[in-house]
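So the structure is just underneath, and the comments pick up after that.
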Amino acid sequence: MADTKVQRSGRNSALRDFLKSEAAGGILLMAAAALAMVVANSPLYDMYHHFLHELKGPTLSSKLGPMTPHLWINDGLMAIFFLLVGLEIKREFVDGRLNTWDRRRLPVLAAAAGMVVPALIYLFVVKDVPALYNGWAIPAATDIAFAIGVLALLGPRAPTSLKLFLVTVAIVDDMGAVAIIALVYTAEINGAALLASAAILAIMYTMNRNGVLRLWPYLIGSGLLWYAVLMSGVHATIAGVLAAMTIPIVITPTSPDSEHSPLHRLEHAISPWSAFLIVPVFGFANAGVSLEGIGWDQVFAPLPLGIAAGLFFGKQIGIFASVWIAVKTGFAGRLGGASWLQVYGVAMLCGIGFTMSLFIGALAFPGQELLIEEAKIGVLGGSLLSAVVGFCILRFAPQDKHLKSLDQDEAEELLGVMPTSEVEKLKDNR
């Protein structure tokens, strides 16, 4: 890629801006989801549903039909969200905390276990209903904005290393979710449109290889790629991730941020729009579930129960167990500045599946409104339970007495890289 090296710039790092914006954005997302639930269970429900699903726009794809506000949000705005996800993934793997195997192995292991175990628990719960098998990936995702928002409410009681671990696991988790959406939830393929998508992507890649650093050619290419992917039958949001992989990045070894890097500039430009507009709008448009006529039979039906159990039990078991085994076997070092109870609390917060889980739920059962509504109940229930229990654990967990709190730079260096004994030795010598 068109990658070069520059010295540390005067701007805040993208990671620090990201943590701040995601914390605020996560709290806004909670408010948007709560507002959607209030509206969906009020006299405004008919207006809410009519606006999202019945107002018709142009037909861009015969598969989707006339574009409704709900489709514009889920297939259009969310493509920008996925573009940001792709930019964050590329930055972390090329020039961030995942640029070496030593830094990748713990979050990759935790994220993988945190996707597999929830899926298995879900399949176990719905084993007698084959029609529900397609929803296995719904509880496999973690909502980074919501989880960081909960951590923000804890203030200094959540060590920086835990926040960084949560962000890193969620980024790897997003990679898995993107792959699942592309490979599992794609039905009919339009060969001509798929070929056009490949050609556009090849042109953008060629621009990168030839040193084109201006953003506007990539933005035009991203728009064309989005439309081609939409027409191909692959979900249009995948275009955002593919486009992000072609955006040039300037390598900055001392600080993963640069005013001269197209990737960093685009990431900084998109991040506030994603955190404060796109994700909350998505939450408001997708979290509204009418509880009228819903009894305990519906709440504990196989689909919502499987999703909630996968999020609440699967995430905490998969992530905490994988971290504990990795540390005990010497595969990775323990998180600096965090007790085991705090690590468990963060593993619990990873059960907040909100945005990506709602998104996958709509893809898993297309056109089946009853199942989509049941999936929403499971996602909301499992996410809320994980958020409340995770918050309580971290709020009342004793602070690690062996380590003073690490600052941001130290935490980035020690996250999953240095054994606890070495961290303690470093602290003793300060």
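The values are calculated or read from the model by the stated rules, or taken from the named source; none is laboratory data. Just so we're clear, the structure is a prediction, and the values are computed from it rather than from any experiment. When we count neighbours, we look across all protein chains shown, and the Cβ atoms used for this are built from the backbone with ideal geometry, even at glycine. What goes into the accessible areas is simple: the full protein's heavy atoms, side chains included, and nothing from ligands, DNA or RNA. Shrake-Rupley method; radii C 1.70, N 1.55, O 1.52, S 1.80 Å.
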Scanning the range 60-118 residue by residue, the ones that are assigned to a helix (DSSP H, G or I), modelled with pLDDT under 80 and among the hydrophobic types (A, V, I, L, M, F, W, C) total 1
Pairing a residue in the range 130-147 that is open to solvent by 20 Å² or more (accessible area, probe 1.4 Å) with any residue that is modelled with pLDDT of 95 or more, where Cβ atoms lie under 6 Å and the two sit 6 or more apart in sequence or on different chains, gives Trp136/Ala119; Trp136/Tyr122; Trp136/Leu123
Filtering the range 169-211 down to residues that are of a type in the set (A, V, I, L, M, F, W, C), under 26 Å from Ala347 (Cα atoms) and surrounded by 15 or more Cβ atoms within 10 Å (Cβ to Cβ) yields Val169, Ala170, Ile171, Val172, Met175, Ala177, Val178, Ile180, Ile181
Going through the range 306-334 in order, the residues found to be open to solvent by 30 Å² or more (accessible area, probe 1.4 Å), in contact with a helix residue (DSSP H, G or I) (Cβ under 6 Å, 6 or more places away or on another chain) and charged (D, E, K, R) are Arg334
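Could you say whether any residue in the range 347-362 is in contact (Cβ under 8 Å) with a residue 12 or more places away in the chain, assigned to a loop (DSSP other than H, G, I, E, B), of a type in the set (A, V, I, L, M, F, W, C) and buried (at least 24 other Cβ atoms within 10 Å of the Cβ)? I'd like the intermediate steps shown before the answer.
The first filter runs over the range 347-362 and keeps only residues in contact (Cβ under 8 Å) with a residue 12 or more places away in the chain, leaving 347-362.
Subsequent filtering for residues that are assigned to a loop (DSSP other than H, G, I, E, B) retains 350-353.
Narrowing further to those that are of a type in the set (A, V, I, L, M, F, W, C): 350, 352.
Retained after the next criterion (residues that are buried (at least 24 other Cβ atoms within 10 Å of the Cβ)): 350, 352.
Yes, that holds for at least one residue.
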Checked the range 178-199 for anything under 26 Å from the mean Cα position of the chain (by Cα) and within 24 Å of Leu219 (Cβ to Cβ); matches are Val178, Ile181, Ala182, Leu194, Ser197, Ala198
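Among the candidates Pro280, Pro272, which residue alone is part of a helix (DSSP H, G or I), in contact (Cβ under 8 Å) with a residue 60 or more places away in the chain, within 25 Å of Val85 (Cα to Cα) and open to solvent by 50 Å² or more (accessible area, probe 1.4 Å)?
Details: Pro280 fails: open to solvent by 50 Å² or more (accessible area, probe 1.4 Å).
Checking each option against the conditions leaves just Pro272.
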Taking first residues from the range 148-165 that are in a helix (DSSP H, G or I) and second residues anywhere that are among the charged types (D, E, K, R) and surrounded by 18 or more Cβ atoms within 10 Å (Cβ to Cβ), the pairs with Cβ under 6 Å that are 6 or more apart or on different chains are Ile148/Glu22; Leu151/Lys163
Quiz item: Do we have any residue at all in the range 244-262 that's surrounded by fewer than 23 Cβ atoms within 10 Å (Cβ to Cβ) and either among the basic types (Lys, Arg) or under 23 Å from Pro58 (Cα atoms) (or both)?
Solution: no
